[in-house]
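A.B. asks: Mind having a look at this structure? Questions to follow.
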Amino acid sequence: MTAMPAPPPARKQSALLATLNRNRLSWVGIGMLAVIFAVAIFAPLLSPHDPLQQNILHRLEPPSAEFWLGTDSYGRDVLSRLFHGARISLTIGFLAVLVAMIVGSTLGVLAGYIGGIFDQVVMGIVDVMLSFPTLLLGLMVAAMLGASLENLIIAIAITETAPFVRVARAPTIAMKRQDFVEAGRALGFSPGRIMGVHILPNILSDIVVVASLWMASAIRTEASLSFIGLGVSPPTPTWGGMIREGFENILSAWWLVVFPSLAILLTVLALNILGDALRDAIDPKLRGEE
Amino acid sequence: MTPVLDIKGLTTEFRVKNGWHAAVRGIDLSVNANETLAVVGESGSGKSVTALSTLRLLPQTGARISRGEVGFGGRDLTKLSEREMSRIRGNDIAMIFQEPMTSLNPTMTVGDQIAEGLLIHRGMSRTEAAKEARRLLDEVRVPDPARRVNDYPHQFSGGMRQRAMIAIALACRPKLLLADEPTTALDVTVQAQVLSLLDDLKRDRGMAIVFITHNLGVVAQIADRVAVMYAGEIVETATCDTLFADPVHPYTEALLKAMPRVDRKAESLEPIPGSVPSISARPAGCVYAPRCNYVQPSCAAHPSLVPVGGNHEARCPVRADKGEAA
């Protein structure tokens, strides 16, 4: 039994559920994410006020029965802006990671499978990209492209492509030497088919785990870029943008900074918990026996 | 009858450090339709390299076919483009591998994997291919094929996986099957079942089989003809019966003596001293001379394959003379 790879469990789903059940914390993460996603989707219904409506009579009001989380310097409701901001943050986080995942995994599988000069060139570029701090790279790209929702997604996607290349390449190299890939070549399958049908499904779980962890990073990067004014332009509510605006009045109106910060913290925490749980679920070393 | 596969003077070299060294040196092999040729030899003798060279599946860097031709269907496979080769692989020539446990894709159902070749090479529709996959699974004697096509490889036992591999290989009705130690990883009873399955399939389809093995017991069970390889050369070819009854080359004789037999005591097994020389350190004369009991001064010259009887050739002048004299 030692030489044989551990046979996959009879049903992937049930094994995943079993691992998630063993670690109670993972359900906390999943629950938190479900709430955050629900808030983002139903933001217009849940918001007690219009997030863009300014009201000079209610400037910088602390949390009260009417404005649960207070108002900002234009008299806008912080809670409503927080709900609508979730939409922007999650959209950017999700789409940026999706783009990075597709581009990065494709390049990684190609580099791992083709090898040679192509591999060296791709990995050289990846190493250069990884040597920049994420925020600095995002800052450069966002500054070059200009501030808009699409450009922010592109900027964050570019900063997060490199890790996906790495994550896809290493298991591709291992898969390439697997007997069933060799057998596929002996059956006359095209390289594209071998990569897409025979290698990719076998390395997808690794990629998905990394995606969940990098989505947390994408949301953080988005908030950071918005904070320094390279995000989606006002008055569109974003979490980072709200912190930036609240920063000016941090000493007199603490609620402007604390609540969006908490929102970012909880979202990032939930994604990290989920990512760790998924990683444990697919890692045979950690899976172990009860 | 023209042979299905006709290899002439095939030399395959590998790059070791800075030089190219031959793993297979000028071998001639031919197989006819409805015939099983067993290629026998110990590890490192070049059996698998011969099969991989035939399908041109050697790594693209560090290995090359430097001389010779691989005749198949009137064409020389060594001269075909990669695109033409991929039309032949899995379609006209199929290969089955040693490890049934790892030779199937764990993320695809067995049925889909059998159907895949049919979709690509035969342009079948998905429903046709799925139906054919079910039929093939039945043909390789997997019980309850209608249900089993939807199973994943991990739900199959070792023997069943090897049957599934055979079904995949035979899906497109190849004229030639290269079987690289397909039964080595199976236990003996399953091995016997798989061998008789291959033999039946060969007869039903009139297929040519090149069966690579180091197990002479398997050879006796399945082969029509045998080629014994040593250090990248064929040292003896004969029909299966002749080889077992009347081995000429000292290496063949030593192999037979090292094989356990029911009619002899286990203590009479004789191991062959030493090991196959590495490809960068082959002796100049007869490659087997350093391990041979019959070595003569004339063995310093590289011998060629000479006929020692009808359909029987051996690469040993010392024994060939004696054989003819007797």
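The values are calculated or read from the model by the stated rules, or taken from the named source; none is laboratory data. Just so you know, these numbers come straight off a predicted model, no measurement behind them. Positions of Cβ are backbone-derived with ideal geometry, glycine not excepted, and every protein chain shown enters the neighbour counts. Note: areas computed on protein heavy atoms with side chains; ligands, DNA, RNA excluded. Shrake-Rupley method; radii C 1.70, N 1.55, O 1.52, S 1.80 Å.
A.B. asks: Of all residues in segment A:148-180, count the ones that are open to solvent by less than 30 Å² (accessible area, probe 1.4 Å), out of contact with any helix residue (DSSP H, G or I) (no Cβ under 6 Å at 6 or more places or on another chain) and within 14 Å of another protein chain (Cβ to nearest Cβ).
C.D. replies: Looking only at that region, the number is 1.
A.B. asks: Please go through segment B:284-302 and pick out each residue that is closer than 20 Å to B:Lys47 by Cβ and part of a loop (DSSP other than H, G, I, E, B).
C.D. replies: Filtering segment B:284-302 down to residues closer than 20 Å to B:Lys47 by Cβ leaves B:286-288, B:291.
Result: B:Cys286, B:Val287, B:Tyr288.
A.B. asks: Just for helices (runs of 4 or more DSSP H) wholly inside segment B:144-224: which have at least 1 residues that are open to solvent by 10 Å² or more (accessible area, probe 1.4 Å) and within 28 Å of B:Arg122 (Cβ to Cβ)?
C.D. replies: Working: elements: B:145-148, B:158-170, B:188-205, B:216-222.
Because the criterion is at least 1 residues that are open to solvent by 10 Å² or more (accessible area, probe 1.4 Å) and within 28 Å of B:Arg122 (Cβ to Cβ), the helices (runs of 4 or more DSSP H) in segment B:144-224 that meet it are B:145-148, B:158-170, B:188-205.
A.B. asks: Select from segment B:253-286 the residues that are among the basic types (Lys, Arg) and at pLDDT below 80 and write down the one among them that is most open to solvent (accessible area, probe 1.4 Å).
C.D. replies: Keep residues of segment B:253-286 that are among the basic types (Lys, Arg), which gives B:257, B:261, B:264-265, B:282.
Those still in the list that are at pLDDT below 80 too: B:261, B:264-265.
Values: B:Arg261: 91, B:Arg264: 115, B:Lys265: 147 Å².
Looking at the filtered set, the residue picked out is B:Lys265.
A.B. asks: If you don't mind, another one. Could you grab me the full set of residues in segment B:171-184 that are over 15 Å from the mean Cα position of the chain (by Cα) and either aromatic (Phe, Trp, Tyr) or within 11 Å of chain A (Cβ to nearest Cβ) (or both)?
C.D. replies: Those that are over 15 Å from the mean Cα position of the chain (by Cα) and either aromatic (Phe, Trp, Tyr) or within 11 Å of chain A (Cβ to nearest Cβ) (or both): B:Ala171, B:Cys172, B:Pro174.
A.B. asks: Filter segment A:92-147 down to residues that are within 14 Å of another protein chain (Cβ to nearest Cβ) and among the small types (Gly, Ala, Ser), then give me how many there are. Reasoning before the result, please.
C.D. replies: Pass one, segment A:92-147, residues within 14 Å of another protein chain (Cβ to nearest Cβ): A:113-120.
Right, trim to among the small types (Gly, Ala, Ser) and you get A:115-116.
Residues meeting the conditions: 2.
A.B. asks: Quick one: A:Ala223 ticks every box in (1) within 14 Å of chain B (Cβ to nearest Cβ); (2) assigned to a helix (DSSP H, G or I) except a single one, so which number is it?
C.D. replies: (1)
A.B. asks: Could you list, in sequence order, the residues of segment B:121-148 that are of a type in the set (Val, Ile, Thr) and at pLDDT below 90? Walk me through how you get there before you give the answer.
C.D. replies: Taking segment B:121-148 as the starting set, the residues that turn out to be of a type in the set (Val, Ile, Thr) are B:127, B:140, B:142.
Within segment B:121-148, B:Val140, B:Val142 meet the criteria.
A.B. asks: Oh, and also: Counting only residues that are outside any loop (DSSP other than H, G, I, E, B) and modelled with pLDDT of 85 or more, how many does segment B:309-320 have? Please lay out each step first, then the result.
C.D. replies: Of segment B:309-320, the ones outside any loop (DSSP other than H, G, I, E, B) are B:309, B:312-314, B:317-320.
Remaining after also requiring modelled with pLDDT of 85 or more: B:312-314.
Number of matching residues: 3.
A.B. asks: Here's another thing I want to ask about it. Would you mind telling me which numbered condition in (1) among the hydrophobic types (A, V, I, L, M, F, W, C); (2) at the interface with another protein chain (Cβ under 10 Å from one of its Cβ atoms); (3) under 20 Å from the mean Cα position of the chain (by Cα) B:Val40 fails?
C.D. replies: (2)
A.B. asks: Among the residues of segment B:269-281, are any touching a residue at least 12 places away in the same chain (Cβ under 8 Å) and in contact with a His (Cβ under 6 Å, 6 or more places away or on another chain)?
C.D. replies: Let us first name the residues in segment B:269-281 that are touching a residue at least 12 places away in the same chain (Cβ under 8 Å), namely B:269-280.
Checking the rest, the ones that are also in contact with a His (Cβ under 6 Å, 6 or more places away or on another chain) come to B:279-280.
Within segment B:269-281 (the criterion being touching a residue at least 12 places away in the same chain (Cβ under 8 Å) and in contact with a His (Cβ under 6 Å, 6 or more places away or on another chain)), the answer is yes, since at least one residue qualifies.
A.B. asks: Scan (1) without any contact (Cβ under 8 Å) to a residue 60 or more places away in the chain; (2) more than 14 Å from chain B (Cβ to nearest Cβ) for the single condition A:Met242 breaks and write down its number.
C.D. replies: Here A:Met242 meets the rest and fails (1).
A.B. asks: Quick check: is even one residue across segment A:15-24 within 14 Å of chain B (Cβ to nearest Cβ), closer than 29 Å to A:Asp280 by Cα and either surrounded by 12 or more Cβ atoms within 10 Å (Cβ to Cβ) or modelled with pLDDT under 75 (or both)? So that I can check it myself, show each step before the final result.
C.D. replies: So in segment A:15-24, the residues within 14 Å of chain B (Cβ to nearest Cβ) come out as A:15.
From the residues that got through so far, the ones that are closer than 29 Å to A:Asp280 by Cα too are A:15.
From what's left, either surrounded by 12 or more Cβ atoms within 10 Å (Cβ to Cβ) or modelled with pLDDT under 75 (or both): A:15.
Within segment A:15-24 (the criterion being within 14 Å of chain B (Cβ to nearest Cβ), closer than 29 Å to A:Asp280 by Cα and either surrounded by 12 or more Cβ atoms within 10 Å (Cβ to Cβ) or modelled with pLDDT under 75 (or both)), the answer is yes, since at least one residue qualifies.
A.B. asks: State all residues of segment A:196-240 that are crowded, with 21+ Cβ neighbours inside 10 Å and aromatic (Phe, Trp, Tyr); if no residue qualifies, say none.
C.D. replies: A:Trp214, A:Trp239
A.B. asks: Would you point out the residue of segment B:54-83, among those that are within 14 Å of another protein chain (Cβ to nearest Cβ) and of a type in the set (Lys, Arg), that is farthest from B:Asp199 (Cα to Cα)?
C.D. replies: Looking at residues that are within 14 Å of another protein chain (Cβ to nearest Cβ) and of a type in the set (Lys, Arg), I get B:Arg83.
A.B. asks: For segment B:120-139, name all the residues that are within 13 Å of chain A (Cβ to nearest Cβ) and surrounded by fewer than 17 Cβ atoms within 10 Å (Cβ to Cβ).
C.D. replies: Listed by number, the list holds a single entry, B:Arg122.
A.B. asks: May I pose another question? Just give me the residues in segment A:67-89 being open to solvent by 10 Å² or more (accessible area, probe 1.4 Å) and either small (Gly, Ala, Ser) or closer than 30 Å to A:Val126 by Cβ (or both), in sequence order.
C.D. replies: A:Ser73, A:Ile88, listed by residue number.
A.B. asks: If I filter segment B:229-248 for residues that are touching a Cys at 6+ places or on another chain (Cβ under 6 Å), over 22 Å from B:Pro143 (Cβ atoms) and not in a helix (DSSP H, G or I), do I get at least one hit? Talk me through it step by step, then tell me what you get.
C.D. replies: Of the residues in segment B:229-248, the ones touching a Cys at 6+ places or on another chain (Cβ under 6 Å) are none.
No, because not a single residue in segment B:229-248 is touching a Cys at 6+ places or on another chain (Cβ under 6 Å), over 22 Å from B:Pro143 (Cβ atoms) and not in a helix (DSSP H, G or I).
A.B. asks: Does A:Met140 satisfy being surrounded by 17 or more Cβ atoms within 10 Å (Cβ to Cβ) and either of a type outside the set (D, E, K, R) or part of a helix (DSSP H, G or I) (or both)?
C.D. replies: Numbers: surrounded by 17 or more Cβ atoms within 10 Å (Cβ to Cβ): no; either of a type outside the set (D, E, K, R) or part of a helix (DSSP H, G or I) (or both): yes.
Here the answer is no, as A:Met140 does not meet what is asked.
A.B. asks: In segment A:183-195, which residues are more than 7 Å from chain B (Cβ to nearest Cβ) and either among the charged types (D, E, K, R) or open to solvent by 40 Å² or more (accessible area, probe 1.4 Å) (or both)?
C.D. replies: Within segment A:183-195, the subset more than 7 Å from chain B (Cβ to nearest Cβ) is A:184, A:191-195.
Scanning segment A:183-195 gives A:Pro191, A:Gly192, A:Arg193.
A.B. asks: Is it the case, given these coordinates, that A:Val209 is part of a helix (DSSP H, G or I) and without any contact (Cβ under 8 Å) to a residue 60 or more places away in the chain? Before you say what the answer is, go through the steps one by one.
C.D. replies: Values: part of a helix (DSSP H, G or I): yes; without any contact (Cβ under 8 Å) to a residue 60 or more places away in the chain: no.
No, not satisfied.
A.B. asks: Of the conditions (1) out of contact with any helix residue (DSSP H, G or I) (no Cβ under 8 Å at 6 or more places or on another chain); (2) open to solvent by less than 30 Å² (accessible area, probe 1.4 Å); (3) within 14 Å of another protein chain (Cβ to nearest Cβ); (4) under 16 Å from B:Ile279 (Cβ atoms), B:Ala51 clears all except one; give me its number.
C.D. replies: The number of the failed condition is (4).
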